[in-house]
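A short write-up of the structure that comes next.
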Amino acid sequence: MSAATAIENRRSAAATGTERIFAEVLADVLRVDRVSVDSHFFEELGADSLVMAKFCARVRKRGDLPSVSMQDIYGHPTIRSLAAALAVAVPRPAQAPVSAAIEAATPTSTREYILCGALQALLFLAYSYAAMVFLTEGYHWVSAGSSAVGIYLRLIVASSSAFLVVCAVPIAAKWVLVGRWKVQQIRLWSLPYVRFWIVKTLVRSSPAARLFIGSPLYSLYLRALGAKIGPGVVILSRRVPVCTDLLTIGAGTVIRKEVIFNGYRAQSGRIETGPVTLGRDAFVGERSVLDINTSIGDGGQLGHASALHSGQAVPAGERWHGCPAQRTEVNYVRVTPARCGTLRRAAYSATALLVVLLLYLPLVQGTASLAMRVAASLVGALAPTAHADSLGGLVVEAAILSLVVFFGLALIGLLLAVAVSRVLNAFIKPDTVYPLYGLHDAVHRAIARIGRMRFFTFLFGDSSYIVHYLQWLGYHLSPVEQTGSNFGSEVMHANPSLSAVGTGTMVADGLILVNDEVSSSSFRVSRAAIGRRNFVGNDVVYPAGGRTGENVLLGTKVMVPLDGKMREGTGLLGAPCFEIPRTVERDTQFDYLRTGESLRRGLAAKNLYNRRTIGLFLFTRWGGVFLFALFYLAGIELYDVLPHGVSAAPFALSIVITAVYFSMMYRCVEALRPLQPRICSIYHPDFWLAERLWKMHPIQYLHVFDGTPFKNVLWRLMGVRIGRRVFDDGAHISDPSLTAIGDESVLNYRSKIQCHSQEDGTFKCDRTTIGAGCTLGVGAFVLYGVTMGDGAVLATDSFLMKGEEVPAHGRWGGNPAKEM
């Protein structure tokens, strides 16, 4: 017998033993007597990803079997093929050992936790005091103008001064409190952490980072904060980096929208800072994540929806994509360069600055002042017996001001969003290359900025009315097959007139249609089209030229392919993506409700419920604006009566009370009919309740408290079972009452815990438990029915699928996540 034959016999014997054990485990999970080793998991045995996740977890717990991941399951969907593949799998090389001192969790203390919260509250009060003094004095000074021209000139001076001061404060605070950022570890809740939090909060809230994104002015702002940025760099991401001294970007590099490159991460009781280095002419795709200690060489590319984990480096000239990223031949820079010199960039920057200082800021401040004057006049007309400085007068004035501001801006914003998108689109031709920083670029940016407005998609999303809103903007959706859940509440695009979604397609939250392509000197817009009968999961980035056609399931956080065959009649999951079954038997059990008379009755009842939800949303949001206006006006009225430090308290309380109010409103709605784990149709009242809770969710107001102990208090008010000293740097928990988080866990920036999914008209939700001392990496996504053991870590931008069980102290990562 040859050596090769002997090895093959041993493999066969091992595979046979593994097959028998696998069959026993799977039969136990499926609750049947036996299963055939040649039966297809999904097509013949009727299993789904949740069932197979439980199978994988039981296999891992045995200890005498090779580890199985969901990607293995989808790639080898029978016991025989799975056992054979694992028997011949090549062992991965062992990673270099990591110092125990680095891996060990950094302890935190309750005393420091309380002290940190107290200091943060005092600092917030001090900032509110300074803002109140500046705003009130500016308001009085502007009001003293003797003519329209004089008032306008005073508006320019006051608003410009305020703008420049607010932009300068983060820069000054960074250099005074931190100096230069360096590679270090900062214990959470300690005094050094308080300094870190101050700088992080000020830098991220700077108006310069919001108004000048994508222009050369933004690069100048980051340079003032210590970043090393070469000429011709284009940064389109609104995710402002914090540890700027550790950021190096070479000339001509492009960073697309929604890219996260913080320069820090939180893990095991500490903040870790580290460098992010991008060479010349590099490219970072839409919604990608760069962990600390990562780099891209000259001319290197990182694709859309991809991630570099700590220690990864893209060599010069290579193209990588996926999570964690791996080499590819796909070219993500598809637009030819154009002439875009220094003079053009300087002229664009100067024009943008003048527009902000001379038009935008005076208009905002003037409108606010006018609204306050109108409200005060109406108080005198409607309640002549109420004094302006009395409680009754303040309540009436706040009610009028909030009604005018909230509903007036909503109506005007809707009209402008629709009109501006359609009018401006006439100035841009599809598939035409334009240079950056010109008229066409300004028009394109204005259209894209409207596409990032989330109020109206949040208002109309998860209802039949989102279809009409998107069509008003310019989406191509005809003929529409109305389901009542065609789109979720978060849909973004660069150009609505070049966005198309086929008949019968349903889209969950977080879709980004990338119908623009950008280089360091040029851009063009192209059509991005999703086919018919698709289902698009959460947080999908769909670029122009995506190679998917009809009847495709695009899984959560999937990386849409740009090369290869056209995918049709299949499912796609992961980054890079791989094929999975389009659907399973459990997801078709409610299909009878999606046709005929059943659909008509179900849709009518759902629409009625959704209209009430929209009304409740508008009422509660107006209530928040009313509370904010009431406390703000109280601070102004008390400004000349009480010491300024005391009058600043209502201004600070306005933000706190508003956040508490929204949290309590959510909890009250949820308490009327608590959300429970279940599977149902989208035409069942339990799903309509879930949609109502998503619309009532105040996540945008909670981000004010990121990195503070107060965030945990608000999560508890909303129903999260959250432990002691949990660090939340900006996470999103979509279903609070179904979520449990253990003591001293870490939720990084833009991480997400979602205890539900909705595929093709079937809604599923279940509880998710995050153990004590766990870490969710930056941009990580945890789906429903998941259990993470104590001390487990989920790496940057990873996707933990439904039903997974991560053992205690496990290290998981990737999309989909598996043991690392």
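The values are calculated or read from the model by the stated rules, or taken from the named source; none is laboratory data. Remember, it's a predicted structure, so these values are computed and weren't measured experimentally. Quick reminder, even Gly has a Cβ in these numbers, built from the backbone with ideal geometry, and neighbours come from all protein chains shown. For the accessible areas, the whole protein counts, side chains as well, though only heavy atoms, and no ligand, DNA or RNA atoms are used. Shrake-Rupley method; radii C 1.70, N 1.55, O 1.52, S 1.80 Å.
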Subset tally (residues that are surrounded by 19 or more Cβ atoms within 10 Å (Cβ to Cβ), over 15 Å from Thr796 (Cβ atoms) and without any contact (Cβ under 8 Å) to a residue 40 or more places away in the chain) for the range 315-346: 1
Unmet criterion (only one of (1) more than 25 Å from the chain's Cα centre (by Cα); (2) open to solvent by 10 Å² or more (accessible area, probe 1.4 Å); (3) not basic (Lys, Arg)) for Gln471: (1)
Residues within the range 767-785 that are assigned to a loop (DSSP other than H, G, I, E, B), closer than 12 Å to Ala817 by Cα and without any contact (Cβ under 8 Å) to a residue 40 or more places away in the chain, tallied: 1
Qualifying residue in the range 715-728 (condition: within 20 Å of Asp462 (Cβ to Cβ), in contact with a helix residue (DSSP H, G or I) (Cβ under 8 Å, 6 or more places away or on another chain) and assigned to a helix (DSSP H, G or I)): yes
Residue count, the range 522-534 (criterion: in a loop (DSSP other than H, G, I, E, B) and closer than 30 Å to Gly341 by Cα): 2
Sole exception among (1) closer than 27 Å to Tyr784 by Cα; (2) surrounded by fewer than 20 Cβ atoms within 10 Å (Cβ to Cβ); (3) of a type outside the set (Lys, Arg) for Gly564, by number: (1)
Checklist (1) aliphatic (A, V, I, L, M); (2) surrounded by fewer than 19 Cβ atoms within 10 Å (Cβ to Cβ); (3) in contact with a helix residue (DSSP H, G or I) (Cβ under 6 Å, 6 or more places away or on another chain) applied to Val233, failing item: (2)
Failed item in (1) free of Cβ contacts under 8 Å to residues at least 12 places away in the same chain; (2) more than 24 Å from Phe619 (Cβ to Cβ), with Ala671 passing the rest: (2)
Failed item, numbered, when Phe626 is tested on (1) open to solvent by 20 Å² or more (accessible area, probe 1.4 Å); (2) under 28 Å from Pro324 (Cβ atoms); (3) in contact (Cβ under 8 Å) with a residue 60 or more places away in the chain; (4) of a type outside the set (A, V, I, L, M): (2)
Filter result for the condition that a residue is touching a helix residue (DSSP H, G or I) at 6+ places or on another chain (Cβ under 8 Å), buried (at least 22 other Cβ atoms within 10 Å of the Cβ) and more than 18 Å from Gly303 (Cβ to Cβ), over Val507, Val525, Val552: Val525
Within the range 731-749, considering residues that are surrounded by fewer than 23 Cβ atoms within 10 Å (Cβ to Cβ) and more than 21 Å from Ala105 (Cα to Cα), the one nearest to the chain's Cα centre (by Cα): His732
Those residues of the range 142-183 which are outside any helix (DSSP H, G or I) and either open to solvent by 60 Å² or more (accessible area, probe 1.4 Å) or free of Cβ contacts under 8 Å to residues at least 12 places away in the same chain (or both), in sequence order: Ala144, Gly145, Ser146, Ser147, Gly179, Arg180, Lys182, Val183
So Phe727, is it open to solvent by less than 10 Å² (accessible area, probe 1.4 Å) and within 18 Å of Leu290 (Cα to Cα): no
Out of Arg692, Arg721, sole residue that is of a type in the set (Lys, Arg), open to solvent by 10 Å² or more (accessible area, probe 1.4 Å) and over 30 Å from Tyr592 (Cβ atoms): Arg721
